[in-house]
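Visitor: A single structure is presented below for examination.
The values are calculated or read from the model by the stated rules, or taken from the named source; none is laboratory data. Every value quoted in this text rests on a predicted model; they were computed, and no experiment measured them. So basically every Cβ, Gly included, is an ideal-geometry build from the backbone, and we count neighbours across all protein chains shown. In case anyone asks, the SASA skips ligands and DNA or RNA and just uses the protein heavy atoms, side chains included. Shrake-Rupley method; radii C 1.70, N 1.55, O 1.52, S 1.80 Å.
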Amino acid sequence: MSGTAKPTITVTIDGTNKSMQLPLLTGTLGPPVADIRKLNGELGIFTFDPGYGMTASCDSKITFIDGDEGVLLYRGYPIEQLAEKSDFIEVSYLLLNGNLPNAAELDGFEKGVMRHTMLHEQLRRFYDGFRRDAHPMAIMCAVVGAMAAFYHDNLDINDPEQRRIAAFRLIAKVPTIAAWAYKYSIGQPFMYPRNDLKYAENFLYMMNAVPAEPWVSNPILSRAMDRILVLHADHEQNASTSTVRLAGSTGANPFACIAAGIAALWGPAHGGANEAVLKMLAEIGTPKNIPQFISEVKDKNSHTKLMGFGHRVYKNFDPRATIMKETCHEVLAELGIKDEPLLDMAMEMERIALSDPYFIERKLYPNVDFYSGIILKAMGIPTSMFTVLFAVARTVGWVSQWKEMVEDPGQRIGRPRQIYTGAAKRDYTTIGGR
Ligand code: SDX
């Protein structure tokens, strides 16, 4: 509206006449942000925000999270609606292109993805170099990064068409790379992708089929796997996505950037939590040991965390955890699994934690990782593959965020600053004088 003064906040350095107005920028949803880009130039100061928990690193149109309300939107669509009504290929199109596809767009996109599911035969030979007991996330980092050795020389990231093909290659090949990492670990022959199958179904085929006998698809498991992929597809500027953006801001090729994202996701505080939840539940053993474990968690000296609980942004239920819990019950019922001790443990753990002041005061709720591992275990996925699955799903989110960053005309190389607390300038002394 003309004539309406733009909102600002005033920053004044006490005891000086130094002051400036910082523009307050507002997005479609969410809190306003103070634009501090001129702060150092005008006042000679930086801001301090370890872990960037209070810093907007970019403006993005892809995913919105309201941590207090437990809201998650992909391009404006609530995750609850997408989990119920959409599927991973359609959600992938949405994240990459900004809107839901019509029938022709969806068909073309799906064909584009399925046409890139195979790996170069020389990439297949990479697996022989790994130990059989290598963690599959190590293989994911290595083989996805190695894609740059096969495609980097014909990739101009400033060419939209080459970015589109790189996106297809990454989204299409990560399930193959992941499934082959599993097959390698159990000494079974690799199953090549089948383009007559849907994305999630094809992944389960490559994970579970063997050449010696026909493979029968299980629509319950395929649907559950597809929903798990949808729930993990993107999550705004989390640690691994920020890693992808930072790597991409240097002009690095998308294969190297996604490999960096996989490495960041591996940590137990991030994508590795789903694997850690199962280990935690197994170590606790039975529900009667839960109170003892909870008291350990509350003892700071134990450095014990309740894995699958808490979140940097959500201070309410992670909406994905709610959907995952419902899916967990559905899958177990449909698979005829009457009592799953791990699920009983998890539900008892949730009940106890949500009634304990320690967790209530700190607004610690189950996050996406708390129930996902239980479903995956029920589906026969080995624990070591849980974070790999997270990486398979998140690849489309990483690629979408990378594409948005590359296409941002205002994009600059990422370069955080610091508070220097080391030694002041001093002169070198010879060893005799020390
Ligand atoms: C993911 O960012 C994303 O979007 C990530 C993700 C995505 O989709 O990309 O959502 C995926 O990474 C989910 C999170 C998975 N990680 C875990 O489940 C690991 C367990 N969680 C914690 O490690 C922790 O909650 C974090 C790392 C997730 C968040 O850490 P923060 O930001 O430090 O948590 P906080 O500031 O909310 O902590 C407040 C207090 C602290 O105690 P005090 O110093 O105030 O006494 O709560 C404590 C924390 O120590 N706390 C926990 C806890 N999480 C936080 N105490 C026990 N168990 C926990 N899980």
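Visitor: Taking only pairs six or more apart or across chains, which ones have beta-carbon atoms under 7 Å, a first residue in the stretch 16-34 that is basic (Lys, Arg), and a second residue that is open to solvent by less than 70 Å² (accessible area, probe 1.4 Å)?
Guide: Partner pairs satisfying both residue conditions: LYS18/LEU43.
Visitor: Hey, another quick one. Condition (residue is farther than 24 Å from HIS116 by Cβ, within 19 Å of the chain's Cα centre (by Cα) and among the aliphatic types (A, V, I, L, M)) applied to the stretch 223-230: is it met by at least one residue? Show your work before the answer.
Guide: First, pick out the residues of the stretch 223-230 that are farther than 24 Å from HIS116 by Cβ: 224.
The next check asks that each one be within 19 Å of the chain's Cα centre (by Cα); those that pass are 224.
Next, from what is left, pick out any that are among the aliphatic types (A, V, I, L, M): 224.
The answer is yes, given that some residue of the stretch 223-230 is farther than 24 Å from HIS116 by Cβ, within 19 Å of the chain's Cα centre (by Cα) and among the aliphatic types (A, V, I, L, M).
Visitor: Okay, next question. Cβ-Cβ distance below 9 Å, separation of 6 or more or different chains: which pairs start in the stretch 66-95 with a residue that is closer than 23 Å to PHE317 by Cβ and among the hydrophobic types (A, V, I, L, M, F, W, C) and end on one that is open to solvent by 50 Å² or more (accessible area, probe 1.4 Å) and part of a helix (DSSP H, G or I)?
Guide: Matching pairs, first to second residue: LEU72/GLU80.
Visitor: How do the pairs read when you match residues in the stretch 175-192 that are more than 14 Å from ILE139 (Cα to Cα) with residues anywhere that are modelled with pLDDT of 95 or more and assigned to a loop (DSSP other than H, G, I, E, B), using Cβ under 7 Å and keeping only pairs 6 or more apart or on different chains?
Guide: These pairs meet every condition: GLY187/ARG132; PRO189/PRO211; MET191/ALA209; TYR192/MET118.
Condition check ((1) in a helix (DSSP H, G or I); (2) open to solvent by 70 Å² or more (accessible area, probe 1.4 Å)) across all residues:
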position	(1), (2)
SER92	yes, no
LEU100	no, no
ARG124	yes, yes
TYR127	yes, no
ALA167	yes, no
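Visitor: Yes or no: ALA321 surrounded by 20 or more Cβ atoms within 10 Å (Cβ to Cβ), farther than 17 Å from ALA269 by Cα, touching a residue at least 24 places away in the same chain (Cβ under 8 Å) and within 12 Å of the ligand (Cβ to nearest atom)?
Guide: Details: surrounded by 20 or more Cβ atoms within 10 Å (Cβ to Cβ): yes; farther than 17 Å from ALA269 by Cα: no; touching a residue at least 24 places away in the same chain (Cβ under 8 Å): yes; within 12 Å of the ligand (Cβ to nearest atom): yes.
Against the criterion (surrounded by 20 or more Cβ atoms within 10 Å (Cβ to Cβ), farther than 17 Å from ALA269 by Cα, touching a residue at least 24 places away in the same chain (Cβ under 8 Å) and within 12 Å of the ligand (Cβ to nearest atom)), ALA321 does not qualify.
Visitor: A further question on this structure: Say we look at the stretch 129-147 and pick out the residues that are among the hydrophobic types (A, V, I, L, M, F, W, C) and open to solvent by 20 Å² or more (accessible area, probe 1.4 Å); which of these is nearest to the chain's Cα centre (by Cα)?
Guide: We begin by selecting, within the stretch 129-147, every residue among the hydrophobic types (A, V, I, L, M, F, W, C); these are 130, 134, 137-144, 146-147.
Now drop any that are not open to solvent by 20 Å² or more (accessible area, probe 1.4 Å), which leaves 130, 134, 138, 141-142.
Details: PHE130: 25, ALA134: 22, ALA138: 16, CYS141: 14, ALA142: 18 Å.
In this case the residue turns out to be CYS141.
Visitor: In addition: Pull out all pairs, ordered by first then second residue, where Cβ-Cβ is under 6 Å, the residues are six or more apart or on different chains, the first lies in the stretch 228-244 and is in contact (Cβ under 8 Å) with a residue 40 or more places away in the chain and open to solvent by 10 Å² or more (accessible area, probe 1.4 Å), and the second is hydrophobic (A, V, I, L, M, F, W, C) and not in a loop (DSSP other than H, G, I, E, B).
Guide: GLU236/ILE65
Visitor: Could we say that THR117 is in a loop (DSSP other than H, G, I, E, B), of a type in the set (Ser, Thr, Tyr) and open to solvent by less than 70 Å² (accessible area, probe 1.4 Å) here? Let's see the steps before the verdict.
Guide: Values: in a loop (DSSP other than H, G, I, E, B): yes; of a type in the set (Ser, Thr, Tyr): yes; open to solvent by less than 70 Å² (accessible area, probe 1.4 Å): yes.
Yes.
Visitor: Report, by residue number, each residue of the stretch 283-312 that is away from the ligand (no atom under 12 Å from the Cβ), open to solvent by less than 70 Å² (accessible area, probe 1.4 Å) and in contact (Cβ under 8 Å) with a residue 12 or more places away in the chain.
Guide: ILE284, THR286, PRO287, ILE290
Visitor: Out of everything in the stretch 258-271 that is out of contact with any Gly (no Cβ under 7 Å at 6 or more places or on another chain) and near the ligand (Cβ under 8 Å from one of its atoms), what residue ends up being least open to solvent (accessible area, probe 1.4 Å)? Don't jump to the end; show me each part of the working.
Guide: The first filter runs over the stretch 258-271 and keeps only residues out of contact with any Gly (no Cβ under 7 Å at 6 or more places or on another chain), leaving 258, 260-264, 267-271.
Subsequent filtering for residues that are near the ligand (Cβ under 8 Å from one of its atoms) retains 268-271.
Values: PRO268: 82, ALA269: 108, HIS270: 37, GLY271: 0 Å².
Checking each candidate, the answer is GLY271.
Visitor: For the stretch 52-77: of the residues being closer than 17 Å to PRO416 by Cβ and open to solvent by less than 50 Å² (accessible area, probe 1.4 Å), which is farthest from the ligand (Cβ to nearest atom)? So that I can check it myself, show each step before the final result.
Guide: Let us first name the residues in the stretch 52-77 that are closer than 17 Å to PRO416 by Cβ, namely 52-58.
Restricting the remaining residues to those that are open to solvent by less than 50 Å² (accessible area, probe 1.4 Å) gives 53, 58.
On the way: GLY53: 7, CYS58: 15 Å.
It comes out as CYS58.
Visitor: Quick check on the stretch 335-386: of everything there that is over 17 Å from LEU281 (Cα atoms) and hydroxyl-bearing (Ser, Thr, Tyr), which residue is nearest to the chain's Cα centre (by Cα)?
Guide: So, considering only residues that are over 17 Å from LEU281 (Cα atoms) and hydroxyl-bearing (Ser, Thr, Tyr), the one nearest to the chain's Cα centre (by Cα) is TYR358.
Visitor: Any residue in the stretch 368-375 that is touching a residue at least 40 places away in the same chain (Cβ under 8 Å), surrounded by 15 or more Cβ atoms within 10 Å (Cβ to Cβ), at negative phi and of a type in the set (D, E, K, R)?
Guide: If we filter the stretch 368-375 for residues that are touching a residue at least 40 places away in the same chain (Cβ under 8 Å), which is where we start, we get 368-375.
Right, trim to surrounded by 15 or more Cβ atoms within 10 Å (Cβ to Cβ) and you get 368-375.
Of the ones still in play, those that are also at negative phi are 368-375.
Remaining after also requiring of a type in the set (D, E, K, R): 369.
Checked the stretch 368-375: at least one residue is touching a residue at least 40 places away in the same chain (Cβ under 8 Å), surrounded by 15 or more Cβ atoms within 10 Å (Cβ to Cβ), at negative phi and of a type in the set (D, E, K, R).
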